[in-house]
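First up is the structure itself, then whatever we jot down about it.
The values are calculated or read from the model by the stated rules, or taken from the named source; none is laboratory data. Just so it is clear, the model here is predicted, and its values are computed rather than measured. Cβ: placed from backbone, ideal geometry, glycine included. Neighbour counts: every protein chain shown. The area values use the complete protein model at the heavy-atom level, side chains included, leaving out ligands, DNA and RNA. Shrake-Rupley method; radii C 1.70, N 1.55, O 1.52, S 1.80 Å.
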Amino acid sequence: MKSYEIKRISPAVNKTSQKIGPKILVNPYYGCEHQCLFCPANDGFLKRKAFDDFREKGVIRVVENIIDHVNNYILNNDYAKVIHLSPVSDPFQPVEAELQLSRQIIKHAADINMPVAICTKGSVPGELYPLIQKHPHSFVQISILTINEAKRKMLVRGNGASVEELLNGIEAMSDYGIRIIARIDPIFPYITDDMAEFKALVDELKKRKVRYIVSSVADIIEGALDRERGYLEAIQPGLFEKYTNLYTEKINGRIHANTEYRESIFSKLKEICESKGLEFGITWEPDINGNSINHKYSHQISNML
């Protein structure tokens, strides 16, 4: 990273916290050092200057008054039941070690007895385990794209935790009594859709007491595929053409792999998970008409997300 910018943003104009049903979605960091392929934090999907600044200049903006902001949001909205940290930028990307905004939010949630739903490709510090475990409805989603470390590095181009570190963290949190959802999410066609590797990863997750697994297939914002053409070709010659041929369904402003491919992947993943006694679900996935196909694959796990 080139620099960090700390900027105080008024709650009247800041969109760091938003609501979806009973969840408050909190992004303490605008921009993400993990630089995952096709990630909406870095591809302009949110159309915010702060995210553009990260992609173009290597600058992360942070919300200096994040606790006041979140607290005011909770106090003025009686629907608030859980803090989701974070829906876009990773709450435990490397800058967190310096600024510790996610730690502050988790501590605040524990102080006011509100559950947290954490989603990260990073390592959750052990010092936070008691605060997370304190509320029975808190849980942690660990995004672990593949069991293949070389492939993980292709897709998480910044400083995310290694496969070994993620698995060790899952085991430690499970042993501490924290509910874990493993997100093998998203699946990248022709890169991480190898069912033998998926099965091997599921086996490792089961050993670490994981009961819930969530997946999806990567979708792409318009323009991002062309921008990543050179990178895809570096991964595998001809991969850009394969993606161009597969990603044919434009739905709600995103480009999706065709429904037949996605449903085939989800059916196979569901079968593998259920054969191991694990629950399987998917994040929101539409058909060509924009209607959700989640009911075909998700069970009670969907209510946790």
> When ligands, DNA and RNA are left out and all protein chains stay put, how many square angstrom of accessible area per residue does segment 205-300 have with a 1.4 Å probe?
Replying inline: 49
> For the charge dipole of the chain, defined by +1 on Lys and Arg C-beta atoms and -1 on Asp and Glu C-beta atoms about the Cα centroid, which residue among Ala257, Ala117, Phe92 has the Cα displaced farthest towards the positive pole?
Replying inline: Ala117
> Counting only the heavy atoms of the protein chains, how much of Tyr212 is accessible to a 1.4 Å probe, in Å² to the nearest 10?
Replying inline: 20
> What are the residues whose amide H is under 5 Å from the amide H of Arg61, where those residues sit 5 or more places off or on another chain and H is modelled from the backbone?
Replying inline: Glu5, Tyr30
> Lys/Arg Cβ at +1, Asp/Glu Cβ at -1, dipole of the chain taken about the Cα centre: which of His135, Tyr30, Phe240 is farthest positive-ward?
Replying inline: His135
>> If you average the C-alpha positions of segment 127-158 and of segment 234-305 separately, how far apart do those two centres end up, in angstrom?
In response: 21
>> Show me, for segment 224-238, the HN-Hα J-couplings you get by feeding each phi into the Karplus relation (A = 6.51, B = -1.76, C = 1.60, θ = phi - 60°), rounded to Hz, glycine and proline as x.
In response: 6, 5, 5, 5, 9, 3, x, 5, 4, 5, 5, 5, 7, x, x
>> With the cut-off at 29 Å, tell me which of the pairs Lys151/Lys209; Lys57/Lys151; Lys57/Lys107 have Cα atoms farther apart than that.
In response: Lys57/Lys107
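When the accessible area of segment 38-184 is computed with all protein chains present and a 1.4 Å probe, what percentage of it is carbon and sulfur?
48
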> Between Glu197 and Lys134, how many nm apart are label points set 7 Å from Cα along the C-beta direction?
Replying inline: 4.0
>> Need one value: the accessible area of Lys134 in square angstrom, 1.4 angstrom probe, rounded to the nearest 10.
In response: 120
> How much accessible area does Leu246 have with a 1.4 Å probe, in Å² rounded to the nearest 10?
Replying inline: 10
> Full extension from Asn65 to Glu271: what is 0.36 nm times the residue separation minus their Cα-Cα distance, to one decimal in nm?
Replying inline: 69.6 nm
> Ile181's amide H: which non-local residues (gap 5+, or another chain) put their own amide H closer than 5 Å, with H modeled 1.01 Å from N in plane and none for Pro or chain starts?
Replying inline: Val140, Gln141, Ile142
>> At a threshold of 8 angstrom on Cα-Cα distance, excluding pairs fewer than six apart, so keeping six or more, what relative contact order does the chain reach in percent?
In response: 13
>> Per residue of segment 253-266, what does 6.51 cos²θ - 1.76 cosθ + 1.60 with θ = phi - 60° give for ³J(HN,Hα)? Whole Hz please, x for Gly and Pro, Karplus curve as stated.
In response: x, 10, 9, 10, 4, 4, 4, 4, 4, 4, 5, 5, 4, 5
>> Let me spell out the model: positive unit charges on the Cβ of Lys and Arg, negative unit charges on the Cβ of Asp and Glu, origin at the Cα centre of segment 172-290. What dipole size does that give, in debye rounded to 20?
In response: 540
>> Which of rounded, prolate or oblate describes segment 55-147 when judged by the alpha-carbon gyration tensor and an a/c cut-off of 1.5?
In response: oblate
>> When the expected Rg is taken as 2.2 N^0.38 Å, what fraction or multiple of it is the alpha-carbon Rg of segment 79-124?
In response: 1.12
>> Using the Karplus curve 6.51 cos²θ - 1.76 cosθ + 1.60 with θ = phi - 60°, what ³J(HN,Hα) values do you get for each residue of segment 63-69, in whole Hz, with x for Gly and Pro?
In response: 9, 5, 9, 4, 5, 4, 4
> Under a 5 Å amide H to amide H cut-off, with H placed in plane at 1.01 Å, what residues pair with Ile251 once short-range neighbours are removed?
Replying inline: His256
> Could you sort Glu149, Glu33, Glu98 by accessible area so the largest value comes first, with the probe set to 1.4 Å?
Replying inline: Glu98, Glu149, Glu33
> If only Cα atoms are counted, what is the Rg of segment 92-195, and what is its Dmax, in Å?
Replying inline: 14.3, 45
